[in-house]
Each structure stands twice: as C-alpha cells, then as structure tokens.
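**Q** The structure that follows is given in the form of structure tokens.
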Amino acid sequence: MPAPRVRPRRLRETAAMRRLVSETRLHAADLVLPLFVREGVSAPLPISSMPGVVQHSLESLPDAIAEAAAAGVGGVMLFGVPEMRDARGSGATDPDGILNVATRVAREAAAGALVVQTDLCLDEFTDHGHCGVLDDEGRVDNDATLERYVAMALEQARAGSELLGLSGMMDGQVAAVRDALDRDGFSGTAILAYSAKYASAFYGPFRDAVESTLEGDRRTYQLDPGNRREGLREAMLDIEEGADIVMVKPAGSYLDVLADVAAASEVPVWAYQVSGEYAMIEAAAAHGWIDRKRAVIESVRGIRRAGADAVLTYWATELAGWIREGEAE
C-alpha cells in the first residue's frame, strides 16, 4: 500500500510542536477564584465535601487574595456565609453584613491587582434557602425579589464590588439592577449575568460551603437540564437588558449550551466549574483513579475550548501556578 501523504501525527511528534499548534491555551488572567467568607470565625474552616477549599475568616481572606494576585489570577468572586438568616435575607443589604464587609477587605487586599466580584443572590442569607423572597403560598416572588436585588446591588457597589454576579435567575434582574446602578451613580460597576444557570445536581458541595438551609429545589427559576435552546435565549435576553458578561453554569455538563452562547454573544462569555465538578475530580484523584493535575488541566481546557472567555474554578490559584511554571501544556 502507498504511504499516506497526509499525516496529522506530524503535528504531535514533540512537546514543542504540540505547544506551537495548540488551538486552546490557558492563561492565569482567564481564571476567577470563588471564595467563601464566614461571619464570626477567626480562622479558616475546611469544607468536608470540597477538599482544599475553606470558609475564610476576614483575617485569612487578604492572604488568599494576595496569593491569587501573585499567581496572576484575573479575579475573585466572593460569597458570604452569615451567622443569622431571615425570610428576606436582611444580611445581604446590611452595610456591615459579612459579604459587604468582606468586599471592602478584599478591595484593600487586591489593590487593583485583580477584579473583586461579588455574588448577588439571596440564598446564602435567607432562612428558607431560596434565591428570593417568598409569597404567602411559599412560592418565590419574582418581582418582590427584584426589589431586594436592587438593594443588594447598591450596597455591594458602595462596598467596592467591581462586578456584580447576578445568580438568582429572576426574570428582569439585569435590567432592574442596571437601572438602579446607573441612577445612583454606579454606571462603572459591571454586571455578570448568570444567564444559563441550570437546576443541577452538581451544586451539592457548594450548599455545604454556604451552609444552605434550602428545602425542596429551585426548578421554578433555574433552567431545566434538558433544555438547550432556553439557555441561549436567556443569555440573549440578559444581553438586551445590559449585561456586560453572561455566564453558563455548570460548565462541564453544559458545553453545548456554552458553545451556543459563545457563538452568538457580543459580550464576554464565562462558565462556572461548580463545586460538584471539583469534588468529583478531587475524590477520584484521592483514590488514585485519575491523574489529578492532568484531569484539572483537561477539564478547564475543555471549558475554554467550548467557548468560555474565563472560567470560575476552585483550582484557579493552583492552576495559575502550573501555567506560570509551564506545567499546563
């Protein structure tokens, strides 16, 4: 038989050649580190379902931010874990609530080296664990919740958040928050819309991290995992309402949705590699079933390959270190 003239393996012969022709490269600046900050503790507390991740104290938070900045990470996303909760999530709009205090601490620690971002949702602050306020029949009241989001947005902007992560999946949330920010002199504060946020089983460890009190589920406002077109529709609506960035969450099980949104979006598209994705790799690696470093790198590269301009991942600082050392090729 004649020898093949077309030999794709030529471009895989050496590490240098593979690096030269790589279609998807990882950069530390494209990574965002989620951080949990717990009220009323003086030292970090480990999260059992997320090995290596902790609930930070206000005292330990600056060191985590400094480490991320030194590694070249692009930003941090802050989540608050309050001591007290109520039906309206009052702690979310308290200037001295844990998330707003943490934001001020984070801005000082970051000193402009990375972007300080805040989660804008009520689930960490409500005693029922839902992402909004409930009506008399126990249903999440969309429009009443928007009023709470507006109040949250203004407090987070006053605390110094540079980017608000609207993760509650209420209809009209981007427009309501954008209008309020502009009206109150915060036109420079950016909005990240968690546009295609699915009602996923992969959020379990996160709920441990924020000590969620949720009973039931969030299927009346988060997307049905079987729906692909709906994810794109939600993203396009958020862009029309003024979102500066749109998000697909989770990442790994929704790469088709991510690719759809990336192909259509005129604004940056991010993806969140959620707690369950993190925990699965860590658990498999702990048992020796997979190569941990290779699995982490491959998982994040796959998310970038599908179209994410940036990835929220709990490995952000560690992965940035590997990238800096040339170990993430």
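The values are calculated or read from the model by the stated rules, or taken from the named source; none is laboratory data. Quick caveat: nothing in here was measured; it's all calculated off a predicted structure. Reconstructed Cβ throughout: ideal geometry from the backbone, glycine too, with neighbour counts over all protein chains shown. The accessibility values were calculated without ligands, DNA or RNA, using every heavy atom of the protein model including side chains. Shrake-Rupley method; radii C 1.70, N 1.55, O 1.52, S 1.80 Å.
**Q** As a test question: what accessible area, to the nearest 10 Å², does Cys121 have when a 1.4 Å probe is rolled over all protein chains in place?
**A** Surface open to solvent at Cys121 totals about 0 Å².
**Q** As an exercise, take the mean of 1/r over every pair of distinct alpha carbons in segment 70-215, invert it, and state the Kirkwood radius in angstroms.
**A** Computed over Cα pairs of segment 70-215, the Kirkwood hydrodynamic radius comes out at 15.5 Å.
**Q** What GluC sites (Glu not before Pro) does segment 1-73 have in DSSP loop regions with at most 14 other beta carbons within 10 Å?
**A** Glu13, Glu23, Glu59
**Q** In whole Hz, with x marking every Gly and Pro, tabulate ³J(HN,Hα) for segment 200-215 from phi via Karplus 6.51 cos²θ - 1.76 cosθ + 1.60, θ = phi - 60°.
**A** 9, 6, 8, 8, x, x, 4, 5, 5, 5, 9, 6, 4, 9, 4, 10
**Q** Shifting gears a bit: What are the principal axis extents of the Cα atoms in segment 1-72, in Å, biggest first?
**A** 74, 26, 15
**Q** What trypsin sites (Lys or Arg not before Pro) in segment 74-177 are in a loop by DSSP, with at most 14 other Cβ atoms within 10 Å of the Cβ?
**A** Arg139
**Q** Average the reciprocal distances over every distinct pair of alpha-carbons in segment 130-283, invert the result, and give the Kirkwood radius in Å.
**A** 16.1 Å
**Q** Next question, about the same structure. Going through segment 134-232, which GluC sites (Glu not before Pro) have at most 12 other Cβ atoms within 10 Å and a DSSP loop state?
**A** Filter output for segment 134-232: Glu137, Glu215.
**Q** Sticking with this one: What are the residues whose amide H is under 5 Å from the amide H of Leu312, where those residues sit 5 or more places off or on another chain and H is modelled from the backbone?
**A** Excluding prolines and chain starts, which carry no amide H, the hits are Val32, Ala271, Tyr272, Gln273.
**Q** Per DSSP H run of at least 4 residues, take -39500 (n - 2.57); add these up for the chain, divide by its residues and hand me the 222 nm value, nearest 500 deg cm²/dmol.
**A** Mean residue ellipticity at 222 nm (helix-derived): -11500 deg cm²/dmol.
**Q** With contacts defined as alpha carbon pairs under 8 Å and 6 or more residues apart, what's the relative contact order of the chain in percent?
**A** Working: 636 pairs, mean separation 59.7, N = 329.
Taking the mean separation of contacting Cα pairs over the length of the chain, I get 18 percent.
**Q** Taking N as the number of residues in segment 51-92, what is its Cα Rg relative to 2.2 N^0.38 Å?
**A** 1.47
**Q** List every residue whose amide H lies under 5 Å from the amide H of Ser195, counting only residues 5 or more places away in sequence or on a different chain, with H placed 1.01 Å from N in the peptide plane.
**A** For Ser195, the qualifying residues are Met247.
**Q** How large a share of the accessible area of the chain, in percent, is made up of carbon and sulfur atoms when the probe is 1.4 Å and the other protein chains stay in place?
**A** 49 percent
**Q** Take every DSSP beta bridge whose two residues both sit in the chain, then give the antiparallel share in percent to the nearest 5.
**A** Expressed as a percentage, antiparallel bridges in the chain total about 10.
**Q** Would you please give the FRET efficiency between Arg139 and Asp182, computed as 1/(1 + (r/R0)^6) with r the Cβ-Cβ distance and R0 = 30 Å, to the nearest 0.05?
**A** Plugging the Cβ-Cβ distance into 1/(1 + (r/R0)^6) gives 0.50.
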